[in-house]
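Scroll down for the structure; my scribbles are underneath it.
The values are calculated or read from the model by the stated rules, or taken from the named source; none is laboratory data. Just so you know, these numbers come straight off a predicted model, no measurement behind them. Ideal geometry is used to build each Cβ from the backbone, glycine not excepted, and the neighbour counts take in all protein chains shown. Calculation scope for accessible area: heavy atoms of the full protein, side chains included, ligands and nucleic acids excluded. Shrake-Rupley method; radii C 1.70, N 1.55, O 1.52, S 1.80 Å.
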Amino acid sequence: MKIDLLTQPNVFETLAHEWNALLHRATTNTLFLTLEWQKTWWQSLGSGELRVITFRQDDGALVGVAPLFIDKETDGHLSLSLIGCVDVSDYLDVIVARGFEEQVYRALLDTLTRADFPAWDTLDLCTTPAASPTNSLFKEIAQARGLNLETKLHDVAPFINLPDDWDAYLATLEKKQRHEIRRKLRRVEEANTRWYVIESAEALPQAIADFVQLHKQSRPDKNMFMDTRMETFFARMAQALFPRGWLQLAFLEVDGARAAAILNFVYANDVLVYNSGYDPVMYGSLSPGIVLFAHSIQDAIAAKRRRYDFLRGDEEYKYRFGARDAQLFELHIWRGAG
């Protein structure tokens, strides 16, 4: 197996024609591992230095990418982490073609523990889906080598397996919640409202600006989160994903004004609910957040999507919509024997 360490910012251009093709052959195939997301995150929020490791067969075929970067923590120790880790990326992993997991994992550990590999103290693999072989096979290989490691539950990611129609979905909910959704949808329909998805690239910049404003208005913690740096990331991310058909930005208008917004991703026939916002002062009485999610779920069902994924976090409203938990794990390895 041929192994290369890539440390220059042009790594994304270098692998542009192979990265997503490999991802589609991987066990963990998620939007957060696409070239577009990884490149945008690194350019907007990244720090430290890139340590991207590629794994190829003898014929040159790419079978693995460990998208890593190194950064110095406040206590001085060097942390080797997955690109995107962790605040704005919900699912991350080493990218490995199915059937090549053991070869790539062994080669990755061989590479990281070589005497001539650039120094690091901890390898931090965050937000890996429960089904990923990183949480089983990679961990077993690392343990067999006597490496000091820790694995633990990182978070939950509630989701809904979508049925064939809206009535079938409502039937899965508790009677009280089903009644509430219907009542709030009727109340909004009686007002001068409109729900729609942004469909043109020309409308996107203003739509993102309006989304950011509604997001900041929603709650004090969201206002603090959406600082200038994060605004830049959202704008760049939207521009990168929209042309691929992966960004779904929808609004609820009341009397011609944008009252609420939801920013979803559509990837591998799943809808990923990334963030939302609304004006609680002007439109709080209409429960625009609940209405927006209801419309969004209706739209996903009509489009025959497979899953409606609320992503990380155990907020109560997700379960009121009928979601159940998937688990995400994190794995930490300390350099040297345990």
Worksheet item: Which cross-chain or sequence-distant (5 or more) residues have an amide H under 5 Å from the amide H of residue 52, H modelled 1.01 Å from N in plane?
Response: 6, 68
Worksheet item: What are the aspartates and glutamates whose alpha-carbon lies under 18 Å from the alpha-carbon of residue 39, with same-chain residues fewer than 8 places away excluded?
Response: 13, 18, 49, 71, 87, 90, 93, 231
Worksheet item: Pulled fully out, how much extra length does the chain show between residue 217 and residue 257, if you take 0.36 nm times their separation in residues and subtract their Cα-Cα distance?
Response: 12.9 nm
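Kindly identify segment 112-226 as rounded, prolate or oblate by the Cα gyration tensor criterion: order the square roots of the eigenvalues as a ≥ b ≥ c, call it rounded if a/c is under 1.5, otherwise compare a/b with b/c, prolate if a/b is larger, else oblate.
Note, shape of segment 112-226 comes out prolate.
Once you sort the root eigenvalues of the Cα gyration tensor of segment 27-133 as a ≥ b ≥ c, which label holds: rounded (a/c under 1.5), prolate (a/b larger than b/c) or oblate (the other case)? Don't jump to the answer; show the numbers that get you there.
Numbers: a/c = 1.68, a/b = 1.16, b/c = 1.44.
Because a/c hits 1.5 or more and a/b fails to exceed b/c, segment 27-133 counts as oblate.
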Worksheet item: Could you give the accessible area per residue of segment 1-51, probe 1.4 Å, as a whole number in Å²?
Response: 44 Å²
Worksheet item: residue 26's amide H: which non-local residues (gap 5+, or another chain) put their own amide H closer than 5 Å, with H modeled 1.01 Å from N in plane and none for Pro or chain starts?
Response: 98
Practice prompt. Just grab the label-to-label distance for residue 319 and residue 206, each label 7 Å out from Cα along the Cβ direction, in nm (one decimal).
Written response: 4.2 nm
Worksheet item: In whole Hz, what ³J(HN,Hα) sequence does segment 159-165 give by Karplus (6.51, -1.76, 1.60; θ = phi - 60°), x for Gly and Pro?
Response: 8, 10, 7, 7, x, 7, 8
Worksheet item: Among 240, 323, 61, whose mean-square fluctuation peaks in a Gaussian network model of the chain (Cα, cutoff 10 Å)?
Response: 61
Worksheet, complete the sentence: Expected vector for segment 170-178, Karplus 3J(HN,Hα) from phi with 6.51, -1.76, 1.60 and θ = phi - 60°, integer Hz, x for Gly and Pro, equals 4, 5, 7, 8, 5, 4, 5, 5, 4
Response to the item:
Averaged per residue, the 1.4 Å probe accessible area of segment 186-266, protein heavy atoms only, in Å², is roughly 50 Å²
Worksheet item: Per-residue ellipticity at 222 nm for the chain, helices alone: DSSP H runs ≥ 4 residues times -39500 (n - 2.57), over residue total, nearest 500 deg cm²/dmol?
Response: -10000 deg cm²/dmol
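Can you pull out the GluC sites (Glu not before Pro) in segment 130-192 that DSSP calls coil and that have at most 13 other Cβ atoms within 10 Å?
174
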Worksheet item: Hey, what's segment 84-134 come to in accessible area per residue, 1.4 Å probe, Å²?
Response: 35 Å²
Worksheet item: Going by alpha carbons, how many degrees (0 to 90, nearest 10) lie between the helix axis of 228-241 and the longest principal axis of the chain?
Response: 90 degrees
Worksheet item: For segment 91-103, in order, what is each residue's ³J(HN,Hα) by Karplus, 6.51 cos²θ - 1.76 cosθ + 1.60 with θ = phi - 60°, in whole Hz (x at glycine and Pro)?
Response: 10, 9, 4, 6, 8, 9, 4, 4, x, 10, 4, 5, 4
Worksheet item: Using modelled amide H (1.01 Å from N, peptide plane; none on Pro or chain starts), what sits under 5 Å from the amide H of residue 85, excluding residues fewer than 5 places away?
Response: none
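Please work out whether segment 67-124 counts as rounded, prolate or oblate from its C-alpha gyration tensor, where a ≥ b ≥ c are the square roots of the eigenvalues and a/c under 1.5 means rounded, while otherwise a/b larger than b/c means prolate and anything else oblate? Don't skip to the answer; put the middle values down first.
Numbers: a/c = 3.48, a/b = 1.20, b/c = 2.89.
Taking the square roots of the gyration eigenvalues as a ≥ b ≥ c, segment 67-124 is oblate.
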Worksheet, complete the sentence: For residue 139, counting only lysines whose alpha-carbon sits under 20 Å away and dropping same-chain residues fewer than eight positions off, the answer is 152
Worksheet item: Roughly speaking, to the nearest percent, how much of the chain's 1.4 Å accessible area is carbon and sulfur?
Response: 48 percent
Fill in: Sequence-separation-based contact order of segment 142-293, relative, with Cα cut under 8 Å and 6+ spacing, percent
23 percent
Discussion item. Relative contact order of the chain, please, whole-number percent, based on alpha carbon pairs below 8 angstrom and at least 6 residues apart.
Written reply: 23 percent
Worksheet item: Out of segment 25-105, which trypsin sites (Lys or Arg not before Pro) are coil in DSSP terms and have no more than 16 other C-beta atoms within 10 Å?
Response: 25, 98
